[in-house]
Amino acid sequence: KDRGRNTYQLYSDWMNVAAVQRLALENRLRKALENRELSLHYQPQVALESGRITGVEALLRWSSPELGAVSPLDFIPIAEETGLIIPIGEWVLRTACTQARAWQQEGLPELRMAVNLSPRQCVDPELPGRVAAILSETGLRADLLELEITENLLMKEDVLDILKALKRLGVQLSIDDFGTGYSNLGYLQRFPIDRLKIDKSFVQDIDHKSDQDAIAAAVIAMARSLRLDVIAEGVETDAQLDFLRGLDCDEMQGYYFSRPHSSERLGSILRDYFDCGGVMEWRDSRPLILLDNDPQTLAVLRRVSLRAGERLLAVRSTREALALIVDNPAAVVFWNPACSSDDDMAFPRHLRERYPDAVCIVLVDAGSDAGAGLGKTGAAAWSRTLAKPLSPQAVWTVMRAALEGSKPR
């Protein structure tokens, strides 16, 4: 039936197994909402020019007592086919708007909250009324809510009227996974869209100099011609980030800056991020160089470098670090002695002697003796020590002190 009339299909035993499994998943999904098994995780969206967090996207998760973590790729299609997506979608929208208001009431800056709409929701004439009711109930300003639709929905009848009704409420509208559907410039001009999201499949291969570079560039150029903002999804590497910056892409979202997190964890990240105050004032160009193999340290310094508008260069040895400093003599170096051999313990002293404008900040692992191994460096050789785990606020504070010429105590 799904494949149309006047066709025939072959039956296999595995199809019966698959049907039974699907039915079991559907039955569990029906109970998941009332049993509070569903939750939302949130992933930040970041302006490439300023490095500032501008919004978050709400992402649905299902943790089943029997099945464990169930992929959205497995349960969202079932919810869509059975109509369960309507109550689930309403719960997602209400929960996301409530969370956005809760962060505001904590004193955090106003952030855009992006929520995905399913195809069935988008053709539901009751949708604008539901959105209006939830905005009124939660107190979230309409322009801080962004509703994401897929590109193929633009081809459906009645969607235009529903999107216009949503736009009259004041919400923002974006096209998710742009480039994977069949819309064209003429279609886009008809719809009240604010933003295009470049699908991550076009971003992931940017490193490899493939045709995806040209597609990403074409999408950004199209958006510019229509006066639309552009956000790139799935950004994970420096090469991808530099390429998108070169094309004047507005925003990015991806593991480069942060994975999706629970509301509690992301709230902590947001508080830490916005507590750092204003952007540092750099003297000339001061890229950040990191010599540490800790993923958490890398993630924090990526956030700081984006906020500062500077490059972050990760290296694996003091030799690599010194080679980079030749072209960046005023760099800020974050060095973890635990990642170096005894022969490299004089690295801060060598750095100070050869490049007096550079700053070396020594990273100290939690629970370690800050003085262990550092005696060989000479007390005056390093600018500051910084205890791990890092936070953006702690990094900014130490960098300010170091760049102002403060001496270690």
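Laboratory data are not the source of any read-out in this text; all were calculated from the coordinates shown. What you are looking at is a predicted structure, and each value in this text was computed from that prediction instead of being measured. Cβ atoms come from the backbone with ideal geometry, glycine included; neighbour counts cover every protein chain shown.
Would you please give the FRET efficiency between D343 and A366, computed as 1/(1 + (r/R0)^6) with r the Cβ-Cβ distance and R0 = 25 Å, to the nearest 0.05?
0.50
Which length gain, in nm to one decimal place, applies between S262 and R52 when the Cα-Cα distance is subtracted from 0.36 nm times their residue separation?
73.6 nm
For the stretch 196-264, which semi-axes, largest first and in whole Å, follow from the square roots of 5 times the eigenvalues of its Cα gyration tensor?
Here the semi-axes work out to 20, 15, 9 Å.
How much length is gained if the chain between A387 and Q189 is pulled fully straight, taking 0.36 nm per residue apart and subtracting their Cα-Cα distance, in nm to one decimal?
Net length gain for the segment: 66.0 nm.
Give, as a single signed number, the net charge of other residues whose beta carbon lies under 12 Å from the beta carbon of A32, with Lys and Arg counted +1 and Asp and Glu -1.
+1
Using the Karplus curve 6.51 cos²θ - 1.76 cosθ + 1.60 with θ = phi - 60°, what ³J(HN,Hα) values do you get for each residue of the stretch 290-303, in whole Hz, with x for Gly and Pro?
So the J values, rounded to whole Hz, are 10, 10, 6, 9, 8, x, 5, 4, 4, 4, 5, 5, 4, 5.
Give me the extension gain from R271 to L160: residue separation times 0.36 nm, minus the current Cα-Cα distance, reported in nm with one decimal.
36.1 nm
Shape call for the stretch 15-274 from the C-alpha gyration tensor, a ≥ b ≥ c root eigenvalues: rounded (a/c under 1.5), prolate (a/b greater than b/c) or oblate?
The shape class here is rounded.
Report the local net charge at R271: Lys and Arg +1, Asp and Glu -1, summed over other residues whose C-beta lies under 12 Å from its C-beta.
Here the charged neighbours net out to -3.
What does the charge count around L322 come to, taking other residues whose C-beta lies under 15 Å from its C-beta (Lys +1, Arg +1, Asp -1, Glu -1)?
Once positives and negatives cancel, what remains is -1.
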